[in-house]
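This report refers to the structure that appears directly beneath it.
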Amino acid sequence: MRIPPRLARLREEDGFTLIELTIVMAVLTIGILSLVAAYSSGYVAMKHATRVSSAQLLADSQMERFRALQYTSIALNTSCGATCSQDATYTADTAYSSTAQVTGCATQDQTCLSTQIKSGPDTNSYRIDTYITWSCLSGTYSAGSCGSSNPIPVKLVTVVVRQSGTTAVLVRQQSTFTSATGS
Amino acid sequence: MGPIARGRLSRRARTRAGAQSGFTIIELLIAMVILTIIMASLTSVLVSASHTEIDVNKRFQAQQNDRTGFDKIRRDIHCASAVTQTDGTTTLTPGTAYTAITVTLPSQCPTASSSQTTYATWCTLQSTLNATDWALYRVASTTLPPPTCATTGAVKWVDYITTPLGAVFCLPGTTAPTACSGVQKPTNSLPLLHVALPVNLNGAASTKESYNLVDDIALRNGARS
């Protein structure tokens, strides 16, 4: 007796083979892994955003200190021993200049230090590098002058906030200060 | 399926189609137990996820309010002609922490009410949301003496502040005062106001998940000394 194919299928008792099952599981694993990867990259991005916003607050705070200072007092303290030392990370930055650095901050105030380690709002530790250099709006700076018929030199303050223990820059802020604005 | 097709069914297929045996009670019980275990574990995961979501939301709001409040204080203080004690006239003593200050805003300030000289009082009161925390309010008036913190019309800006005794304001002196967390005013600098607004939903004793927003705001209309 001929059994119609529809009924024949109902009577079959074959399952999947091991090979088929393995292939399905492999495909499923790849799918799930890509989802997990999306999650973890989202987490990393969020963590980075938190760090940048904390670093921004610290940089703003440091810049505010310089805005509050008299023009003549805007300088770095480079003669207080180990606390004032400028390490390789500091000197490797583009804002660093060995010749045009403004030094001579007399007070033991934290603001004057080239490198400070501070804890941010998120309780993580950040490294704040402050660079103060003589700069010219036009002309080239040399020995206290920008060349004849050029405006007087200004002080260029650069605040770079790095993640503590690394050289990765989170925030960079720059501002110029001129004696023309009074003290 | 027509009557002809039915006639072609084999005996075995007909027997199976006619069978009425279902699951045994044992099978059913085992299935139900397994299902209960799975559902229970799923539910506990869902409940803990929803708790976490509520906590994260509250924390996000507290931190957001903290930053917004700080911005408002900064705008007030940067434009202020004077920052005094709450009577609007007595100056702040350097190196002392205060729970309240009054900021005198000249009429041109963007935060002054209706272009008149305004006295804005910033003050802390015990938080109504967490007994060990503090909340920061702002209340403004165009007449002296300025209204106090408890006045109706005071606007709450920040909650869940964990600063001890709610003393969030401090005017640093030229020596490092302990009240201002060691912050010192540099020489030849504008006066600075140290404002500490750390927030933590679980109170000051909790070391986890605190957000320590602290800044020194320059009194830009002050004199450099």
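Brief remarks follow.
- If you run the Gaussian network model on chain B, springs between alpha carbon atoms under 10 Å, then out of B:115, B:44, B:189 the most flexible one is B:44.
- Rounded if a/c under 1.5, otherwise prolate or oblate - segment A:80-183, Cα gyration tensor axes: prolate
- Here r is the Cβ-Cβ distance between residue B:113 and residue B:156 and R0 is 22 Å; the resulting FRET efficiency, rounded to 0.05, is 0.80.
- Calculated FRET efficiency for the pair residue B:71/residue A:119, C-beta based, R₀ 25 Å, to 0.05: 0.70
- Computed over chain A, the Cα gyration tensor eigenvalues convert (square root of 5λ each) into semi-axes of 65, 18, 14 Å, ordered from largest to smallest.
- Taking every residue in A:68-77 and counting other chain Cβ atoms within 10 Å of its Cβ, the average works out to 4.
- Each other residue within a Cβ distance under 12 Å of residue B:76 adds +1 if Lys or Arg and -1 if Asp or Glu, for a net charge of +4.
- Local electrostatic count, residue B:158, Cβ distance below 12 Å [Lys/Arg +1, Asp/Glu -1]: 0
- Of the residues A:25, B:207, B:219, the one whose Cα sits farthest towards the positive end of the charge dipole of the protein assembly as shown is A:25 (charges of +1 on Lys and Arg Cβ, -1 on Asp and Glu Cβ, taken about the Cα centre).
- Label-to-label distance, nm, for residues given as residue B:204 and residue B:96 (7 Å Cα→Cβ offset): 1.9
- Fully extending the segment from residue A:179 to residue A:85, taken as 0.36 nm per residue of separation minus the present Cα-Cα distance, adds 31.1 nm.
- Net charge contributed by nearby residues that have their C-beta within less than 11 Å of residue A:172 (K/R +1, D/E -1): -1
- Between segment B:86-141 and segment A:94-145, the alpha-carbon centres lie 35 Å apart.
- A Förster distance of 41 Å, applied to the separation of the beta-carbon atoms of residue B:52 and residue A:142, puts the FRET efficiency at 0.10.
- Between residue B:27 and residue A:43, the modelled label-to-label distance comes to 4.3 nm, taking each label 7 Å out from Cα in the direction of the beta carbon.
- Mean residue ellipticity, 222 nm, helices only, chain A: the sum of -39500 (n - 2.57) across DSSP H runs of n ≥ 4, divided by residue count and rounded to 500, is -11500 deg cm²/dmol.
- Estimated from helices alone, the mean residue ellipticity of chain B at 222 nm is -10500 deg cm²/dmol (sum of -39500 (n - 2.57) over DSSP H runs with n ≥ 4, per residue).
- For chain B, a Gaussian network of Cα nodes joined below 10 Å ranks B:182, B:166, B:203 by mean-square fluctuation, and the top entry is B:182.
- Cα-projected label distance for residue A:26 with residue B:131, points at 7 Å along beta-carbon direction, nm: 6.3
Each reported figure results from applying straightforward, stated rules to the coordinates on display, with no laboratory input. Quick caveat: nothing in here was measured; it's all calculated off a predicted structure. Because the Cβ atoms are built from the backbone with ideal geometry, glycine has one as well, and the counts that use them run over all protein chains shown.
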